[in-house]
1. How are the Cα pair distances of segment 215-300 distributed, in percent, across 10 Å bins from 0?
2. With the cut-off at 13 Å, report for segment 155-198 the share of all Cα pairs above it, as a whole percent.
3. If the cut-off is 23 Å between C-alpha atoms, which lysines fall inside it for Lys67, apart from same-chain ones fewer than 8 positions away?
4. Quick one: which residues, 5+ away or cross-chain, put their amide H under 5 Å from the amide H of Ser124? H built at 1.01 Å from N.
5. Within 15 Å, Cβ to Cβ, of Ala317, how many net charges do the neighbouring residues add up to if Lys/Arg are +1 and Asp/Glu are -1?
6. Give me the compactness ratio for the chain, meaning the Cα radius of gyration over 2.2 N^0.38 Å.
7. About its Cα centre, what dipole magnitude does the chain give when the only charges are +1 on Lys and Arg Cβ and -1 on Asp and Glu Cβ, stated in debye to the nearest 20?
8. How big is segment 40-155 in terms of Cα radius of gyration and Dmax, in angstroms?
Amino acid sequence: MIIGHGGNVKELAARLGCPVEDIIDMSSNLNPLGPPPGFEDFLINSIKDIRSLPEVDAMGMIKAFSKAKDIDPSRVAPGNGTTWFIYTIIPALSPNNVLICGPAYSDYKDACIMHNIKFDFINSNEDSLFVHDIDRISKISDKYDMVFICNPNNPTAQLIDKEDLIKLIRTNFDTFFIIDESYLPFVENYEQLSLINNIEFKNLLVLSSMSKIFRIPGLRTGFLSGDPEIIRKIMHYYQPWSINCFAQKGVGFLLENQDKTRPFIKAAQKFIKKEKENFFEKLSNARTIKLFPSKTSFILAKLLDDTKSYDFCRYIADHKILIRDCSNFDGLSDKYVRFSLKTRALNNKLADLINQGI
């Protein structure tokens, strides 16, 4: 397991000797507007549910998700977060070798290491602004049993066109493609961009996260969609009562109240778009940092002077702001950092610190 995921606010608070509430976490990629209105009150009012066991198979979650996405329940598996699926897919499908489209979320690699599976990276780079070369990926995909693609990608915030992904999957029909759509809801018209409904592909699995867009990472909820036969293989590893009662009820609340959650998601997309424009404008004349284009709520940046990412992150942290040091992403180095946008005031505070320099 990698040391250095975002969100270690307790450690920073202890170092600075301040309350955890004083730390501004711009390292974790979460919706700055979330959770949705009424959600936390709903969970509080559900406290008595801890007196009983939750559904053993989380069937209520499956039905809510399949109805919201208009897919058959047999094509859906519920999970204790999407990361649970990443570590379960490997033993369930037993690939001999895996290709990871990076720089990417570390758990794709860590899951391979845990199960002694050979893996390689095919990394995008700065020259292409970290946009994946689909033709390059397609040329070597047939040499692998499985390919992991995060779309939009973390930490580069780039999006692969849906038609390009479909062509890639169709062309390499003997290779399993795991498409992680955890950050897709931050993109406008995301439902049209999702591959969840592409049921013709038996070599496609789609990961869907509730944590990011609804800002509920502590509940640990997520879904996997794909061919029913593959879903059955995944569910072979499912343990009874794996998803707690609050997660199950919370997912039901979010998916069964589309009249409230859809406007919430659209509001978040609009808010983030404005904040990105403002943040890029605030740093348009900065000489010590380069911001890369972003399709989602976070921004990858490169330090252009002699400063290393560790020192830069510590400088920002001294002002009670936590950002992501990207030096431990395969394909990046100690010149890269990532920012997750928050409110206008907080984004401006970060931009001002960057402009001031270390």
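1. 13, 27, 27, 22, 11, 2
2. The share of Cα pairs beyond 13 Å in segment 155-198 comes to 58 percent.
3. Lys162, Lys202, Lys212, Lys233, Lys249, Lys260, Lys266
4. Those lying under 5 Å, H to H, from Ser124 are Gly102.
5. The answer is +2.
6. Ratio of Rg to 2.2 N^0.38 Å for the chain: 0.98.
7. I would put it at about 600 debye.
8. When restricted to the Cα atoms of segment 40-155, Rg and Dmax are 18.5, 56 Å.
Quick note: the coordinates plus some simple rules give every number you see, no bench work behind them. Keep in mind it's a predicted model, so treat the numbers as computed, not measured. Methodologically, a virtual Cβ is constructed for each residue, glycine included, from the backbone with ideal geometry; neighbour enumeration extends over all protein chains shown.
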